[in-house]
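These notes concern the structure reproduced below.
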Amino acid sequence: MTDHPITPPPELVDSIWNQFKTGSTRNLLTSEAFREAITKASQWGADQELEACCKAIDNVPGRWACSRDLRHVRRPAPPSLKEQALALIDSNKPYLDDTAMDTIRRALEALDD
């Protein structure tokens, strides 16, 4: 494979590989582990591309806020616990599973009495 700016460094590849190796199934990746590995590598590549775009924008005179805005749009902060709980309640699902109930419970427990 030729070097490319988006090629993950060997340390990242080794880290991903070691994360999913097990003693009994050495060198065998499950489909879920494979998806997680591909997702991690893809995220790394996407982050490299975003940073390269932001760096290019920063070099344009008079565009000081553009890279910050681009980063904010492309890597938004995850929703707060309150926003997650409200989205679950607003989803109008006839049944909320244990994960949804746990999210709502944690949001309520975070409130001051």
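Since every read-out is calculated from the coordinates, none of them should be taken as a lab result. No experiment lies behind these values; they were computed from the predicted model shown. All Cβ positions, glycine included, derive from the backbone under ideal geometry; neighbour counts span all protein chains shown.
The orientation-averaged projected area of the convex hull spanned by the Cα atoms of segment 35-85 comes to 4.7 nm².
Rounded to the nearest whole Hz, the Karplus-based 3J(HN,Hα) values (6.51 cos²θ - 1.76 cosθ + 1.60, θ = phi - 60°) of segment 34-41 follow the sequence 4, 4, 5, 5, 5, 4, 4, 5, with x at glycine and proline. In loop segments of segment 42-96 as defined by DSSP, the chymotrypsin sites (Phe, Trp or Tyr not before Pro) with at most 12 further C-beta atoms inside 10 Å of their C-beta are Trp64, Tyr95. Backbone amide hydrogens, once placed in the peptide plane, bring Thr7 within less than 5 Å of nothing, excluding anything fewer than 5 places away on its chain.
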